1. Can you find even one residue in the stretch 135-144 that is buried (at least 16 other Cβ atoms within 10 Å of the Cβ), of a type in the set (D, E, K, R) and either at positive phi or not in a loop (DSSP other than H, G, I, E, B) (or both)?
2. Show the residue pairs that are 6+ apart or on different chains and have beta-carbon atoms under 6 Å apart, the first residue being within the stretch 16-36 and surrounded by 17 or more Cβ atoms within 10 Å (Cβ to Cβ) and of a type in the set (Gly, Ala, Ser), the second being outside any helix (DSSP H, G or I) and modelled with pLDDT under 90.
3. Check whether at least one residue in the stretch 40-56 is within 27 Å of Gly124 (Cβ to Cβ), at pLDDT 90 or above and not in a helix (DSSP H, G or I), and report yes or no.
4. If Met73 satisfies every condition in (1) crowded, with 20+ Cβ neighbours inside 10 Å; (2) touching a Ser or Thr at 6+ places or on another chain (Cβ under 9 Å); (3) modelled with pLDDT of 95 or more but one, which is the exception?
5. When the residues of the stretch 81-122 are narrowed to those that are charged (D, E, K, R), exposed (fewer than 12 other Cβ atoms within 10 Å of the Cβ) and in a helix (DSSP H, G or I), which ends up modelled with the lowest pLDDT?
Amino acid sequence: MTAWLENLLPAVLAALALPQYSLATVFVVALLSGTLLPLGSEPVVFGLITLNPAQFWPVILAATAGGTAGGGMTWLMGFGAAQAYARVTDRTTGESRALAWLQRFGAKACLLSWLPVIGDPLCGVAGWLRLPFWPCLFYMAIGKFARYVIFTAVLLWVFPGGTAA
């Protein structure tokens, strides 16, 4: 790592940990984890809610918005990849059982965007298949909202106050 990045990274992380930036931090982490990057936003969401339980719904909504925006970015990457593939090969996407299944369910398949490991690539495949963007984004938001509410509620029930029960 270069010296300037080694000096900048701790300062950025320290700034993002400040209370006035907490929701922005959750949004950014959820946005990044909503893309194909191997990152999870649940620890940040759970940590912030544990520190300030009164912020439960604002944190959940910020995480949902960030995760949905990340899913939308992944959809756009899939859409762009399909266009590039079609230009390079002079043909459209190939057929497989998984693609046929996704096309059969359409945008509703994006409800599964909350799933670990397959959820984020699913958003990219939805873009690749040119499923309608706004309905896909709507279903991604529902799935991600449900994920954050359920996972956070379970963690708060198992670890009340952030400590082992």
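1. So far as the stretch 135-144 goes, yes, one or more of its residues are buried (at least 16 other Cβ atoms within 10 Å of the Cβ), of a type in the set (D, E, K, R) and either at positive phi or not in a loop (DSSP other than H, G, I, E, B) (or both).
2. Matching pairs, first to second residue: Ser33/Leu39; Ser33/Gly40.
3. Yes, because at least one residue in the stretch 40-56 is within 27 Å of Gly124 (Cβ to Cβ), at pLDDT 90 or above and not in a helix (DSSP H, G or I).
4. Only one criterion in (1) crowded, with 20+ Cβ neighbours inside 10 Å; (2) touching a Ser or Thr at 6+ places or on another chain (Cβ under 9 Å); (3) modelled with pLDDT of 95 or more is unmet by Met73, namely (1).
5. Selected residue: Arg97.
The values are calculated or read from the model by the stated rules, or taken from the named source; none is laboratory data. Since the model is a prediction, treat every value here as computed from it, not as a measurement. In this analysis, Cβ positions are derived from the backbone assuming ideal geometry, glycine residues included, and neighbour counts consider all displayed protein chains.
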